[in-house]
Amino acid sequence: MRVGVDIGGTFTDAVAVDDDGRIRTAKVLTTPRRLHDGVLAALERLEVDWGRLESITHGTTAGLNAFLERRGARVALLTTRGFRDVYELGRANRPDMYNVRYRQPQPLVPRRWIFEIDERIAADGSVLISPDDEAVRALGRRLGGEFEAVAVCFLHSYANPDHERRVAELLADAAPSLAVVCSHEIAPEWREYERTSTTAIAAYVAPIVQSYLTELEQQVTRRGLRGPLRVMQSNGGVMMASMARRKAIQTLFSGPVGGTIACVAVAEQLQDEVDVSQLICVDMGGTSFDVSLVVDGEADVELESELERHPVLSPTVAIHTIGAGGGSVGHVSAGGLRVGPRSAGAEPGPACYGAGGHEPTVTDANLHLGRLPSIARLAGGMALDAAAAKSALAAVGEHLSLDADALATGMVAVADSTMANAIREITVLRGIDPRSFALVAFGGAGPLHAAALADELEINTVVVPADPGVLSAYGMLHTDIRHDVVQSFYAAVAETTEGAVAATLAELAERARLLVKEDGIDERAIALEPSADLRYVGQEYTVTLPLPDGPVLADLPQRFAEAHEVRYGHSNPAEDVEFVNLRMTARGSLRRPDAVELPTGATGEPAAVERTWFAGAWLPTPVHRRGSLGAGAAVAGPAIVLEDACTTLVPPSWTASVSTRGHLVLRRS
C-alpha cells in the first residue's frame, strides 16, 4: 500500500493505492494551526495498515502558507560589500505600466538586516578578496542571538562558490542554531537580484518547512511507517523528506503540482479513447483555483516564476493561481457584487457547513441553486444546511435588492467569469488557443463549474477524472524522484567547443545523479536529460532547448532560431547565438499505480431527482451515484453525478460518458 496526501486551504485529501490498483480516499478539514494534525486525521480516516504501508508522498503547503501570511523566519542576508542594496532596488521595470497604484514588492529582509562581507569573486570565478574568517565568526555569534536563518548571496558565486561555502561553515560553527542557505545551492545562475530574491525566500521558509517535516516524520514513524516519507516538488518530481528539509524552496507549489502530474496520467489512460494530449488542468478547491497546462503529454515547466511578484529561480510547473474556490465569499464592494479572493477557509467555512460561518460563499450558492444536491455529503459525511445558505445569501442580497435566487446566480456567474479569465491568462495571453485543448476539471468544486468554463472558452471536451476530489493526492503517486541542477556557462556557440560543453554536462550529470542516489534510487533506474539556456547576443532572457546525446553544436543555432520563432513569433538566423546556462535533470523511476478497468455497465436509475437552476428556470435533474455507473454508461444533461468528494454538473447541452478507466468525458451534445 502507498499513500498520497495533499493539504489544501479547506480540505486535506488522502489516497491509498494497493498493489492491485484498488483505491481508497479520504477527505478531512485542514487544520491551519497544526497542519500535520490534518494529515494524521486523513490517514486515520483511510484506516491504513501501517504494517503494509510502503511509503507516504506528501504535498505540503507549510512553506507557501508561511510566505503568503508573512510569518516566515527572521532572516539576515549576507552580501558582498558594495552590493547591499541589490535586493531592495530590484528591477526598474513596471509589469503593470498604467497602474498608478503599483508598488514594488516589499522585501522579505529589511535593509537593516542586510550585512556586507569583505570578499569578492570576479566574473570568471577568480578570487579578488578573500573573506576574513574571524570577522565572519564574530558576525555569526551576533546573528545567532537575533535571527533564525541566514541567506548568503555573494557576487558571482555561481562561477565560484568557495566563499559562500567557507562562510556557511564558519556560521555553522559560530551559531549552530542558524539555518544557513547559500545561493550557489539554491540558484547558481546569473542575474543578482533574482538570485538574491530566491535565496531570501528559501531562507525565509526553511525553518518552518524543516520543523513541520521533522514533526510529521516523527509522528508517522511512531505510528509504524517503515518506508520513506517523500515530498512533492514544485518541478513535478518528488524527493525524500530529509532532502526537502534542505531544499525547502522546492516545496512551495508542491500541492497544486500533484494535480497536473495526475492529469498527465489521465491523458495516458484515455489516449485510446479521446485525444487529450493537450490539456488545460483546472483545480478548484475550497480556497483557490489553479490552472496549469499539459502540452504534448508533458507538464508545462517554467525555469523562473514569481510569488507575489518576488522572482524565484527554480524549475516549477507553470501554475496560475487565483483566490476563487468553493469557500470564496460573496460581498458588496463599490455598489457591486464581488466574489473572493477572501475565503471562508476551513474555519468557519461556508455558512452551509453549520460551523459558524455567516457570509455567503460559492458553495452556498451552488447548494441553493440545486447544483449541489440535498443528498450530498462533504468530507466523509458532512451534511449541508440549505437554510443557513439561503439566510447568508439573503443577507447580502438585501444590499443589492436581490433575492437569494438572483444573488446565488450572480455569484456563480462572477466566479465562472473570474476563473475563465484566469485560464485566458495562461493560454490566450501566451499565444495559445484554448479551443484546441481539452479541459480537465478536478478538486472538490472544479467539476461543478467545468461545463460553464468550457462554454465560455469554446472548449468541446471536458474530462472529470476518477476520484477528482482527491486528484492532487493521487498524482503524487504518479511521479518520479527528480532533481534539477544548473551551471552558468557563458560562451558564444560559434566560439566554444564540444569538449567544453561535454565537460560541463558531465559535471552536472554527476551532481544530479548523486542527488537522486541520495534519495535511495539505484543508479540503473536514473535517466538524465540535458538542456541549455540560449539567447541572441545582447538579449536579456533565454530560450531553453533540450540537448541530444553526443555532439550538440552543429545544428544548435538553427534549432534555437526555430524555437525562438515559436516562442516570440520572430527569429534572426544570421545573429550570433550564445550559451547562458547548462542544465541537467535527473529522474529516478518509481513504480506507478496500475489503473483498474471498470466493468461495462448501463446507466441505471438515478438515486434521486432534484430541482436545479439552469438558465433562468428550475429543471428536474436526475442525480446519479458515480459508483453505480459502469464503463460505457452515458448520462444526458441536465444531470448531476455525485460522489463522496466531488459533484459533477452536466448541463442540458452536454452529455457525459464513462471511460474504461472510470473517467467521465463530457461532450457538448
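The residues Arg84, Arg338, Arg22, sorted by heavy-atom accessible surface at 1.4 Å with ligands and nucleic acids left out, run Arg22, Arg338, Arg84 from largest to smallest. Within the full protein context, the accessible area of Ser589 is estimated at about 70 Å² for a probe radius of 1.4 Å. Remark on His624: its backbone amide H falls under 5 Å from those of Ala607, Ile640, Val641, Leu642, a criterion applied only to residues 5 or more positions apart or on other chains, H modelled at 1.01 Å from N. Solvent exposure of the chain amounts to 41 Å² per residue of accessible area, where only protein heavy atoms count and the probe is 1.4 Å. Backbone geometry of region 419-428 corresponds, through the Karplus equation with coefficients 6.51, -1.76 and 1.60 at θ = phi - 60°, to 3J(HN,Hα) couplings of 5, 4, 5, 5, 5, 4, 5, 8, 10, 4 Hz, x marking Gly and Pro. Plainly put, region 105-197 has a radius of gyration that is 0.95 times its Kirkwood radius, both from alpha-carbon atoms, as the Rg/Rh ratio.
The alpha carbon convex hull volume per residue for region 563-635 rounds to 267 Å³. Here the Kirkwood formula, the inverse mean of 1/r across different C-alpha pairs, assigns the chain a hydrodynamic radius of 26.4 Å.
Both radii are taken from the alpha-carbon atoms of region 276-396; with Rh as the Kirkwood radius, Rg/Rh is 1.08. In this view, the solvent-accessible surface of Arg24, computed with a 1.4 Å probe and all protein chains in place, comes to about 90 Å². Karplus-derived 3J(HN,Hα) values for region 631-640, using 6.51 cos²θ - 1.76 cosθ + 1.60 with θ = phi - 60°, are 4, x, 5, 10, 10, 8, x, x, 7, 10 Hz; glycine and proline are entered as x.
Could you give the semi-axes, largest first, of the ellipsoid that matches region 275-324, computed as the square roots of 5 times the alpha carbon gyration tensor eigenvalues and rounded to whole Å? Sorted largest first and rounded, they come to 20, 17, 5 Å. Between the helical axis of 498-518 and the longest alpha-carbon principal axis of the chain there is an angle of about 60 degrees. A dipole drawn for the chain from +1 and -1 charges on Cβ atoms has a positive end, and of Ser197, Leu139, Cys352 the residue lying farthest that way is Cys352.
Around the Cα centre of region 487-541, unit charges on the Cβ atoms of Lys, Arg, Asp and Glu (plus for the first two, minus for the last two) sum to a dipole of about 20 debye.
In a DSSP loop and with at most 13 other Cβ atoms within 10 Å, the trypsin sites (Lys or Arg not before Pro) in region 483-592 are Arg591. Amide H contacts of Thr361 (H built 1.01 Å from N, in plane; Pro and chain starts excluded): Gly330, Ala351 sit under 5 Å, all sequence-distant by 5 or more or on other chains. Normalised by 2.2 N^0.38 Å, where N is the number of residues, the C-alpha radius of gyration of region 300-371 stands at 1.46. Note that region 609-618 has calculated 3J(HN,Hα) couplings of 10, 10, 8, 9, 8, 10, 6, x, 8, 8 Hz, one per residue in order, obtained from phi through the Karplus relation 6.51 cos²θ - 1.76 cosθ + 1.60 (θ = phi - 60°); glycine and proline are x. In the context of the full protein assembly, Tyr212 retains an accessible surface of approximately 20 Å², using a probe radius of 1.4 Å and ignoring ligands and nucleic acids. The Stokes-Einstein estimate for region 426-580, based on a Kirkwood radius over Cα pairs and taken at 4 °C with 1.567 mPa s viscosity, is a diffusion coefficient of 67 µm²/s. Here's how it looks for Val152: its modeled amide H is under 5 Å from those of Leu78, Val181, Cys182, Ser183, which are all 5 or more places away or on a different chain.
Note on the chain: helix-only mean residue ellipticity at 222 nm, from DSSP H runs of 4+ residues weighted -39500 (n - 2.57) and normalised by residue number, equals -9500 deg cm²/dmol.
Among beta bridges from DSSP that stay inside the chain, the antiparallel ones total about 75%. Taken over region 349-405, the percentage of Cα pairs per 10 Å bin, counting from 0 up to the bin with the maximum distance, is 28, 55, 15, 2.
Report, to the nearest whole %, how much of the accessible area of the chain belongs to carbon and sulfur atoms, 1.4 Å probe, protein only. Of the solvent-accessible surface of the chain, carbon and sulfur hold 49 percent.
Across the options Ile23, Trp50, Thr12, the greatest Cα extent toward the positive end of the charge dipole of region 1-61 (unit charges at beta carbon of Lys, Arg, Asp, Glu) belongs to Thr12. Fraction of C-alpha pairs exceeding 19 angstrom in region 28-139: 70 percent, rounded to a whole number. Computed on region 139-187, with alpha-carbon pairs under 8 angstrom and 6+ residues apart, the relative contact order is 50 percent.
The values are calculated or read from the model by the stated rules, or taken from the named source; none is laboratory data. Keep in mind the model is a prediction, meaning the values are calculated, not measured. A quick note on method: Cβ atoms are made from the backbone with ideal geometry, for glycine too, and the neighbour counts reach across all protein chains shown. Protein only, heavy atoms only, side chains kept; ligands, DNA and RNA dropped before computing areas. Shrake-Rupley method; radii C 1.70, N 1.55, O 1.52, S 1.80 Å.
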